[in-house]
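Everything below concerns the one structure shown next.
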Amino acid sequence: MKRTGDSILLILGIIATWQVLYWLAGDVALTSPTTTAAHLWKLLGTARFWEHAAETARAFGLAVLISLLGGVALGVMLGLNRTAGIVSEPILIALYSLPKVTLYPLVLLCFGLGVSAKVAFGAMHGLIPVTIFTMKAIMQIKPVLWRTAHALRLTPRQTAFTIALPAVLPEVISGARLGFSLTLLGVLIGEMFASQRGLGFMIMSAMGLGDNATIMAVALFLSVFAIGANAVLLRLNRVVPG
């Protein structure tokens, strides 16, 4: 109950801050909460909005699937081999800190325009944090579990799925939360730079026309989606035994 009350207070605080910023900046910079909500409701009733949303959802779904499955698989492989994990950790951290937008021309060169480039760019954002979280969790598993696997003569595949993954599941979900958000960010950036469809393209088009209401409405829609998905993953992280 207390957590629900705190969440409500946080939401009210954000709305109040938004309204104050609107009073200070005016329509030139942003729209008010009520105007934004009304415009979003109007957009939700148009086929054009849902066509762009479906395009973003398709690219994001593929990208997040690659990020999560690929990141967990790579993290398990590196974590099971301690030497490989120690060597690869600084490399992964360096790649994670690299501004990936600088690599987007290379992504376009390799994948061309279209959904494939957005999927690749989104997966680039989410894959590395999921890999790092999974790898670090595997490396921190208690040695007694590895000795048990050796005593039972488990194969590497059996060890990964019966001991490693269950032991690190909370950390994997934490990595998935971060990877989820970054993957969505990557897909939207890809749509902004080189796409003719998607919510990112809608935002860029609205920016070119000076349509602040559409920019704010799409941003609100994406924020609600991201916060809702993150809340589900956070809830899952709390109920999974660790």
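The values are calculated or read from the model by the stated rules, or taken from the named source; none is laboratory data. Just so we're clear, the structure is a prediction, and the values are computed from it rather than from any experiment. FYI the Cβ positions are ideal-geometry reconstructions off the backbone, even for glycines, and counts take in every protein chain you see. Keep in mind that these areas ignore ligands, DNA and RNA; they rest on the heavy atoms of the full protein, side chains included. Shrake-Rupley method; radii C 1.70, N 1.55, O 1.52, S 1.80 Å.
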Worksheet item: Do the conditions hold for TYR104, that is, is it touching a Pro at 6+ places or on another chain (Cβ under 9 Å), under 20 Å from VAL187 (Cα atoms), at pLDDT below 85 and surrounded by 15 or more Cβ atoms within 10 Å (Cβ to Cβ)?
Response: no
Worksheet, complete the sentence: In the set GLY71, GLY26, the lone residue that is loosely packed, with under 13 Cβ neighbours inside 10 Å and either at positive phi or touching a Phe, Trp or Tyr at 6+ places or on another chain (Cβ under 9 Å) (or both) is GLY26
Response to the item:
Within region 82-94, the residues that are surrounded by 11 or more Cβ atoms within 10 Å (Cβ to Cβ) and either at pLDDT below 80 or among the small types (Gly, Ala, Ser) (or both) are ARG82, ALA84, GLY85, SER88
Item to complete: Name, by its number, the condition in (1) touching a Pro at 6+ places or on another chain (Cβ under 8 Å); (2) open to solvent by less than 50 Å² (accessible area, probe 1.4 Å) that does not hold for PHE60.
Response: (1)
Worksheet item: Within region 33-57, can you find the residues that are among the acidic types (Asp, Glu) and either without any contact (Cβ under 8 Å) to a residue 60 or more places away in the chain or crowded, with 20+ Cβ neighbours inside 10 Å (or both)?
Response: GLU55
Response to the item:
Exactly one of ALA123, ALA164, ALA149, ALA137 is open to solvent by less than 50 Å² (accessible area, probe 1.4 Å) and without any contact (Cβ under 8 Å) to a residue 24 or more places away in the chain, and that residue is ALA149
Discussion item. Take the residues in region 112-171 that are β-branched (Val, Ile, Thr) and within 30 Å of SER195 (Cβ to Cβ); name whichever of them is farthest from the chain's Cα centre (by Cα).
Written reply: VAL115
Worksheet item: Restricting attention to region 193-211, which residues are assigned to a helix (DSSP H, G or I) and surrounded by 19 or more Cβ atoms within 10 Å (Cβ to Cβ)?
Response: LEU199, GLY200, PHE201, MET202, ILE203
Worksheet item: Does region 1-11 contain at least one residue that is outside the structural domain of PHE201 (by TED's automatic domain parsing), open to solvent by less than 60 Å² (accessible area, probe 1.4 Å) and out of contact with any strand residue (DSSP E or B) (no Cβ under 9 Å at 6 or more places or on another chain)?
Response: yes
Fill in: Cβ pairs under 6 Å, 6+ apart, first in region 11-26 and more than 17 Å from VAL224 (Cβ to Cβ), second in a helix (DSSP H, G or I)
GLN19/PRO33
Worksheet item: Hey, among LEU103, LEU98, LEU80, which residue is in contact (Cβ under 8 Å) with a residue 12 or more places away in the chain, among the aliphatic types (A, V, I, L, M) and over 30 Å from TRP146 (Cβ atoms)?
Response: LEU103
Discussion item. Out of ARG177, ARG153, I need the residue that is out of contact with any Ser or Thr (no Cβ under 8 Å at 6 or more places or on another chain), of a type in the set (Lys, Arg) and in a helix (DSSP H, G or I). Which one?
Written reply: ARG177
